[in-house]
Amino acid sequence: MRRQIFRLTLPLLLLATAVLGSCNKANSRMDVTEDKAEIVFDSLSYDFGEVLPDTLTSYDFVFHNIGATTLHLTSVVPSCGCTKTKWPKGGIEPGEAGVITAVYDSHGSMPGHFSKSIRVYSNAKTSFCRLSISGDIAEAQP
């Protein structure tokens, strides 16, 4: 009886192992990125230092496409309404650079430290990254 169970289960185990092994090999082929865009930023964060109240302050985040195909930014999303962004809507070719401008508006903000993030989505191998800006809003002068 035990031999019959073993004879029936052994082929099933071998078949399951072969199927699972082939799935892993297929998945590893998906990780090949020679034909993808790749985004690399010169800097992922910027500290404005002291920011005057009721002003607009901006910083340009420079990035490069070091991949093999055209890079397309699909969305650039600031964490709050006090931060606006400008970003290229067209493609960035391999070897080319682009700029995402982050504009922080301190109008109506309380004095003290601030830290904001910007989510960047693209067709790159690393399809999501986070940029950050920070600083300290000075006390209003009478």
Inset, instruction - Return the residue satisfying two criteria in turn: it lies in the stretch 63-85 and is assigned to a strand (DSSP E or B) and open to solvent by 70 Å² or more (accessible area, probe 1.4 Å), and of such residues it is farthest from Asp136 (Cα to Cα). - result: Thr74
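Listed here are the residues, each with its yes/no results for (1) modelled with pLDDT of 95 or more; (2) among the hydrophobic types (A, V, I, L, M, F, W, C); (3) open to solvent by less than 40 Å² (accessible area, probe 1.4 Å).
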residue	(1), (2), (3)
Phe61	yes, yes, yes
Trp87	yes, yes, no
Ile92	yes, yes, yes
Gly98	yes, no, yes
Thr101	yes, no, yes
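The values are calculated or read from the model by the stated rules, or taken from the named source; none is laboratory data. Since we're looking at a predicted model, the values are computed, not measured. Please note that ligands, DNA and RNA were not included when accessible areas were found on the heavy atoms of the full protein model with its side chains. Shrake-Rupley method; radii C 1.70, N 1.55, O 1.52, S 1.80 Å.
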